[in-house]
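Inspection log for the structure reproduced underneath, given as structure tokens.
The values are calculated or read from the model by the stated rules, or taken from the named source; none is laboratory data. None of the values given here were measured: they were computed from a predicted structure. Here the Cβ is made from the backbone with ideal geometry for all residues, glycine too, and neighbour counts use every protein chain on show.
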Amino acid sequence: MKKMTNISLVVFCLAMSVSLSGEAQTSVKKQLVPTVTIPAPAGSKGFGMPQPGNPGATPAPRRIRVSASVTEQREIKTILLDSISMSDPYILADDATKTYYLTGSGGCIYKSTDLKNWSGPYGAYDTHGTWMEGINFVAAAEIHHVNGKYYYAASFGDRKELVDVVPRRYNVYRHQTMILESDKAEGPFKLKNPDPNYDYLPHHLDIIDGTIYMENGQAYMVFVNEWMQTFDGTMEYVKLSPDLSKTISAPVMLFRATESPCPLEMVGNGEMTYGLKLPGWVTDGPELFHTKTGKLGMLWASWGAKRYLECVAYSQSGTIDGPWIQEEKPFIDNNTGHGMLFRTFDGKLLLSIHHAEDDGPRKPQLWEVDDSGDKLVLGKRFNP
């Protein structure tokens, strides 16, 4: 009986050893193998494709930009707004300094006191010691003033770390909207979270264009799960801690691109993206706002009949949870989009937005906006 017990004990120990070994093996992260991507047909045009007059050029890598780190040296100049090449322009009117701060894709900061003459580019952030150090992908940067602090929200991307694969479609590299903090609007902005490898959203998701929104004292990040990963781009939110240093809720989906009549399917619409033939519907660049009557709305961008365009939706409940009712027509189109609202020091509501002629460089524009009713009304082009 004792002999059988010992044998049983040996068998049990061996079984446990095999089981634990298997658990250890399965706990090791599966190695991702890049998928085959489908190149755009010869002669195609589209976002990130060769510029007109240079048909032999190699398509641009996905949103590769010069780093906006404060550690880099750069020549500071004063230039006119329409001389700046920039996607996704965002302007903060800072009451403390009576200065306008312009940022966007690329991440650098420009300063102005009259909206016409801008000095820059200045470095914005110090990411030394974090996963963002040395990264040259920075998109859709914004500067928000919340509870006495300034927050820099921008999409950072690491082209060396593959986090997901969509078979025969797209290789997803690490993209996260990150929030950095400073005591001044001009920075330098540093990661508030003590973990230098922190992600605000799940690591495997392709997250871009996050913006900060406050409702009843609660801070939110409203963000895009990129259509290149999801096919039908989403607009979602997470709740943030009071100091905006971390996420405190699971993501909540607000709507998909196809819930609006304005976006068109990219390949069917003749749009090629970064040299690839990628079908799907785009969500980009959210910004939430209230009209003077208290109506809650959201500006967001996509691609449609006249290329890049600006959509608008309104919350039926008056809260971030919606439901969100999409307007039938674009707020502005003609290859113009990713709009952000700000109010000038003399009280005029303006829309900062980028426009491109064909596949040429994107340049900031300013438009007047009337928010006196339940819905925004686009006014005339504003020339400072």
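Okay, here's what the table says:
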{"item": "Residue ID - farthest from H204 (Cα to Cα), chosen from residues in the stretch 31-46 that are among the polar types (S, T, N, Q) and within 25 Å of the chain's Cα centre (by Cα)", "result": "T37"}
{"item": "Some residue of the stretch 327-338 being within 28 Å of K98 (Cβ to Cβ) and part of a strand (DSSP E or B)", "result": "yes"}
{"item": "Qualifying residue in the stretch 139-151 (condition: surrounded by 23 or more Cβ atoms within 10 Å (Cβ to Cβ), farther than 20 Å from P202 by Cα and among the charged types (D, E, K, R))", "result": "yes"}
{"item": "Test: G297 is part of a strand (DSSP E or B), closer than 19 Å to T234 by Cβ and of a type in the set (G, A, S)", "result": "yes"}
{"item": "Number of the exception - L162 against (1) assigned to a loop (DSSP other than H, G, I, E, B); (2) more than 17 Å from the chain's Cα centre (by Cα)", "result": "(1)"}
{"item": "Single unsatisfied condition, E133 versus (1) in a strand (DSSP E or B); (2) more than 19 Å from E287 (Cβ to Cβ); (3) not β-branched (V, I, T)", "result": "(1)"}
{"item": "Hits in the stretch 151-177 - residues which are under 16 Å from C108 (Cβ atoms), in contact with an Asp or Glu (Cβ under 8 Å, 6 or more places away or on another chain) and not polar (S, T, N, Q)", "result": "Y152, A153, A154"}
{"item": "One residue from S112, S119 being crowded, with 16+ Cβ neighbours inside 10 Å, at pLDDT 95 or above and hydroxyl-bearing (S, T, Y)", "result": "S112"}
{"item": "Residue within the stretch 169-182 that is farther than 19 Å from D284 by Cβ, at pLDDT 95 or above and surrounded by fewer than 16 Cβ atoms within 10 Å (Cβ to Cβ) present", "result": "no"}
{"item": "Where a residue in the stretch 322-338 is more than 22 Å from L366 (Cβ to Cβ) and its partner, wherever it lies, is charged (D, E, K, R), with Cβ under 6 Å and at least six apart", "result": "Q326/E259"}
{"item": "Leading residue by the ranking (modelled with the lowest pLDDT) among those in the stretch 62-107 that are closer than 23 Å to R343 by Cα and acidic (D, E)", "result": "D82"}
{"item": "In the stretch 136-159, the residues that are of a type in the set (G, A, S) and assigned to a loop (DSSP other than H, G, I, E, B)", "result": "G148"}
{"item": "Selection count, the stretch 281-294, where residues are crowded, with 22+ Cβ neighbours inside 10 Å and not in a strand (DSSP E or B)", "result": "2"}
{"item": "Filter result for S105 (hydroxyl-bearing (S, T, Y), assigned to a loop (DSSP other than H, G, I, E, B) and under 14 Å from the mean Cα position of the chain (by Cα))", "result": "yes"}
{"item": "Of all residues in the stretch 108-130 being touching a Leu at 6+ places or on another chain (Cβ under 8 Å) and not in a strand (DSSP E or B), the one that is nearest to F345 (Cα to Cα)", "result": "L115"}
{"item": "In the stretch 309-350, the residues that are under 14 Å from D284 (Cα atoms), among the small types (G, A, S) and surrounded by fewer than 20 Cβ atoms within 10 Å (Cβ to Cβ)", "result": "none"}
